[in-house]
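Here the structure comes first, spelled out in C-alpha cells, and everything after it is commentary.
The values are calculated or read from the model by the stated rules, or taken from the named source; none is laboratory data. All of these numbers come straight from a predicted model, not from anything done at the bench. Note that each Cβ is placed from the backbone with ideal geometry, even for glycine, and that neighbours are counted across all protein chains shown. All accessible areas refer to the heavy atoms of the entire protein, side chains included, with ligands and DNA or RNA removed. Shrake-Rupley method; radii C 1.70, N 1.55, O 1.52, S 1.80 Å.
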Amino acid sequence: MAQSQPYRYEPTATAGGLQAEHGGLEPGTETGERVTVAGRLMLRRVQGKLAFGTLQDSTGRIQLFARAAETPEFDAFCALSLGDWIGVTGQVMTTKRGELSVAVEAWCLLAETRRQFPDKWHGITDTDTRFRQRYVDLWVSDDEAAALRARSRIISLIRRWLEDRDFVEVETPTFHPIPGGATAKPFVTHHNALDMDLFLRIAPELYLKRLVVGGFERVFEIGRVYRNEGLSPRHNPEFTMLELYQAYADYTDMMSITEELVAHLAQEIRGTTVFEYEGRTLDLSVPWRRASMSDLIEEHAGVRVDLGTPIDELRRICEAHGVHIESGWGPGKLVLELYEKTTESNLWGPVFVTDYPKEVSPLARDHRELPGMVERFEPIVAGRELGNAFTELTDPDEQRARMEAQAAQKAAGDDEAMVVDDDYLRALEYGLPPTGGLGIGIDRLVMLLTGVSTIRDVILFPTLRPEQ
RNA sequence: GCGCCUCUAGCUCAAUGGCAGAGCAACGGACUCUUAAUCCGCAGGUUCUGGGUUCGAAUCCCAGGGGGCGCACCA
C-alpha cells in the first residue's frame, strides 16, 4: 500500500454526511466528486477483480467500491481484516445496484486489528464481554452506541438550556471531609500528606448552597457522585447528578424547571414528548400531574394515612403491607416506607409526588401550611425516581437541630444518616436567601430518553469486578 | 449480603452420562456489481477454575470465580 499507519490523516467526508448529501442517486452515477473517508472496515465482499467493503465511522456506514484496475495494491486491500482502520480516497459514485459508494482510488491502513472482531451479524450478546470490552461493543451494537452518544447530546442540551436561563455551571469538591447532602453510605479514602480520611461525595448539595450564600443566584453542577451501595439495573456506585439552585425560588419553581427541561429534552432527542417506554406510553408533555404522597398512597394502597394517624395504627398498616419496620422510626419514616413499598414503583407518571415528612427530609424547609411536612417533591417517571427537589431550609438554627437529630441517628447505628457540618451552618448564618433546589439523576434520565432499561447501557464503563 | 439462572472455538450457538460440533470470522483457493455476497478446501478447544461420583463428565455432585435477574439498600 502507498503508506502504512501514518502519523496524521485528513478525512474530508463522513459516511453519514455522504449518505445525507448523495442519497437517492440513480444507479451507475459518477458524481465526479473526490472525497477521503476513514473508519473501520466492517464488512467485505471480494468478487475476483472487484471488491466491496463497508466502512463504518462515527456517523454511519458507506460502501467502498474497489476495482482491481484502479485500486492500488488490490490484493492487499482484499486481505484487510474486518476491523482494520483504513482511509480511502476516491470518487463518490453509485454501483449498478444503486448503492452509494466511494471508489477506492487510494487507500491506506491506519491501524490494524490484531484481534478478530465479533460475528458481523450477531455482534456481542454476552453482557460481561460487552461491558468489559466496550471499545469493541460500540462498533457492533448500533443501538448501544446510539444511546451512549445520545447521553452526550442530552448533557449538552441541559447545559445550553440552563445557561439560556442564566444558570452558571460550577465544579465543587468531590473529596468531602464531611459527607453530606443526601442520606447514603459514602466511600472513604485517605489523603496521605494531610493524613486524613476523605469521603467521595454523595451529593454536591451543601457546596452549591454555600455558593448561593456567596452570591451565585442561579448555579448548577453536572457531576459524578458516589454511593457505597448495591448494584442493580438502576444503580451504579458512581453516577451522574444534575443539581441546580435558584435564589428567590421555591419548590413549585423547581417543578416547572423539571417538567419544562425534561419535555424539551424529549422533544430534542425523540422529536416528541409522547413515546413508548418499556411497552407503555409515556407522555412527558407539560404540565405534569402533582399529587401529595398521602393521596397517592390512598390511590395505590387503599388506605388514608398521614402524620396524624396514630402511630400504632400506622405500624399496623405498614406491617399489613409488608414493610419491614425498625424501632425508632417515627410516623414520617413509616409513611415514607409505606409509600415506597406500595406506591412508588406503580406510579407510571410523570407525576410530582409532593409533601414529604420533615422526619425524612433534613435539608428541606418546613411546609408553609402542613405541620410536620416539608416543601419537597420527587418527580416519578416510569416507576422510578428521576430526582429530588425542595424549597431549601435556610434557617441555621433549624438546620442545626435537624443535623443534630441526624447525628443522633447515626450514633444509634444508622450509617446513612448525616452528620453536623459546622461550616455549612456558618454559611447559613451569613444568610441563604429563599432558594429552590433540584437534583436529577442524569443516568436515569438518559435511560428514559433513549429507551433502555438498564443503567449499564447508558454508562460507558459500568462498575464491574476485575476480570481475574 | 442472600436466592435463582448462566458460563462450550475470536463471536453467535449445538451437543442432557458415551468420539466436543455448526455458522460467521481466520487461513488456502475460485469468482468484475456485492449488500450478513456465494462456492470449494483447511484449521481452530484448560467446555470459567479446583475437587468428587462414574468404566466413561461439557453434562451429575461439592467448593470457588465472572456475569445476569430478583430481594435487601438506594437515586
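Tell me the per residue accessible area of the stretch A:150-210 using a 1.4 Å probe; a whole number in Å² is fine.
51
Whole-Å semi-axes of the stretch A:15-111's equivalent ellipsoid, largest first, each the root of 5 times a Cα gyration tensor eigenvalue? Please report the intermediate quantities before stating the final value.
Numbers: eigenvalues 71, 47, 26 Å².
Ellipsoid semi-axes (Å, largest first): 19, 15, 11.
When both the stretch A:351-368 and the stretch A:305-324 are represented by their alpha-carbon centers, they are found 19 Å apart.
Over all other residues within a Cβ to Cβ distance under 14 Å of A:S327, the charged ones net out to -3, with Lys and Arg as +1 and Asp and Glu as -1. Value of Rg to Rh for the stretch A:190-267, rounded to two decimals, is 1.07; Kirkwood radius and Rg both from alpha-carbon coordinates.
Treating r as the C-beta distance of A:D295 and A:K120 and R0 as 56 Å, the FRET efficiency rounds to 0.55. Helix A:331-342 and the longest principal axis of the Cα set of chain A meet at an angle near 30°.
Arranged from highest to lowest average of other beta-carbon atoms within 10 Å per residue, in what order do the peptides A:301-308, A:134-141, A:377-384 appear? Write down the numbers at each step before the final one.
Numbers: A:301-308: 15.4, A:134-141: 17.8, A:377-384: 21.5.
Going from most to least packed, we get A:377-384, A:134-141, A:301-308.
The accessible-area ordering, largest first, of the residues A:H235, A:H122 stands as A:H122, A:H235, per a 1.4 angstrom probe.
By how many nm would the segment from A:T174 to A:R280 grow when fully extended, if each residue of separation counts as 0.36 nm and the alpha-carbon distance is taken off?
Details: separation 106, 0.36 × 106 = 38.16 nm, distance 3.78 nm.
The A:T174-A:R280 span can extend by a further 34.4 nm.
Of the accessible area of the stretch A:15-111, computed with a 1.4 Å probe over protein heavy atoms only, carbon and sulfur atoms account for 49 percent. Taking A:E21, A:E340 and ordering them by how much accessible surface each has at a 1.4 Å probe, largest first, produces A:E21, A:E340. Could you pull out which residues in the stretch A:339-382 have an amide N less than 14 Å from a spot 7 Å beyond the Cα of A:E404, following the Cα-Cβ vector? Backbone N within reach: none found.
Backbone N atoms of the stretch A:423-467 closer than 20 Å to the 7 Å Cα→Cβ label point of A:D397 belong to residues A:423-435.
Of the solvent-accessible surface of the stretch A:330-468, computed with a 1.4 Å probe and all protein chains present, 48% belongs to carbon and sulfur.
If the segment from A:A184 to A:A69 were pulled out straight at 0.36 nm per residue, it would be longer than the present Cα-Cα gap by 34.7 nm. Note on exposure: A:R365, A:R426 ranked by accessible area (1.4 Å probe, complete protein assembly) read A:R426, A:R365, with the most exposed listed first.
Test of understanding: what is the full-extension gain from A:T454 to A:T95, defined as 0.36 nm times their sequence separation minus their Cα-Cα distance? Provide the component values of the computation, followed by the final result.
Numbers: separation 359, 0.36 × 359 = 129.24 nm, distance 4.13 nm.
Extra length from A:T454 to A:T95 when fully extended: 125.1 nm.
Less than 24 Å apart at the alpha-carbon level, and either on another chain or at least 8 residues along: which lysines does that give for A:K333? Reachable lysines: A:K185, A:K341, A:K358, A:K410.
Of the residues A:T127, A:T54, A:P357, the one whose Cα sits farthest towards the positive end of the charge dipole of chain A is A:T54 (charges of +1 on Lys and Arg Cβ, -1 on Asp and Glu Cβ, taken about the Cα centre). Projected label points at A:Q47 and A:S256, each 7 Å from Cα along the beta carbon direction, are separated by 6.3 nanometres. Under 30 Å of direct C-alpha separation, and excluding same-chain neighbours fewer than eight residues apart, A:K120 reaches these lysines: A:K49, A:K96.
Using the Cα centre of chain A as the reference point, and only Cβ charges (+1 on K/R, -1 on D/E), how large is the resulting charge dipole? Debye, rounded to the nearest 20.
Details: 51 positive and 74 negative charges, 364 e Å.
Around 1740 debye, computed over chain A.
Of the peptides A:407-416, A:8-17, the ranking by mean beta-carbon count within 10 Å, highest at the top, reads A:8-17, A:407-416.
Taking the Cα centre of the stretch A:15-111 as origin, sum charge times position over the Cβ atoms of Lys and Arg (+1) and Asp and Glu (-1), and report the length of that vector in debye to the nearest 20.
On the way: 9 positive and 11 negative charges, 64 e Å.
Here the size comes out at about 300 debye.
If r is the Cβ-Cβ distance from A:D422 to A:Y9 and R0 is 45 Å, what FRET efficiency results, to the nearest 0.05?
On the way: r = 57 Å, r/R0 = 1.27.
That pair, A:D422 with A:Y9, gives E of 0.20.
Measuring between their Cα centroids, the stretch A:156-195 and the stretch A:425-448 lie 11 Å from each other. Taking the convex hull of the alpha carbon atoms in chain A, what volume per residue do you get, in Å³? Enclosed volume per residue, from the Cα hull, is 194 Å³.
With all protein chains kept in place, the per residue accessible area of the stretch A:15-111 amounts to 44 square angstrom at a probe of 1.4 angstrom. Taking every DSSP beta bridge that has both residues in the stretch A:15-111, what percent is antiparallel when rounded to the nearest 5? Roughly 90 percent of the DSSP beta bridges within the stretch A:15-111 come out antiparallel. Placing unit charges on each Cβ (+1 for Lys and Arg, -1 for Asp and Glu) gives the stretch A:15-111 a dipole about its Cα centre, and among A:Q63, A:M93, A:A15 the Cα reaching farthest toward its positive end belongs to A:Q63.
Taking every eigenvalue of the Cα gyration tensor of the stretch A:285-411, multiplying by 5 and rooting it, what semi-axes result, largest first, whole Å? Provide the component values of the computation, followed by the final result.
Values: eigenvalues 103, 82, 30 Å².
After scaling each eigenvalue by five and taking roots: 23, 20, 12 Å.
Only helices enter the 222 nm calculation for chain A: every DSSP H run of n ≥ 4 contributes -39,500 (n - 2.57), and dividing by all residues gives -9000 deg cm²/dmol, rounded to 500.
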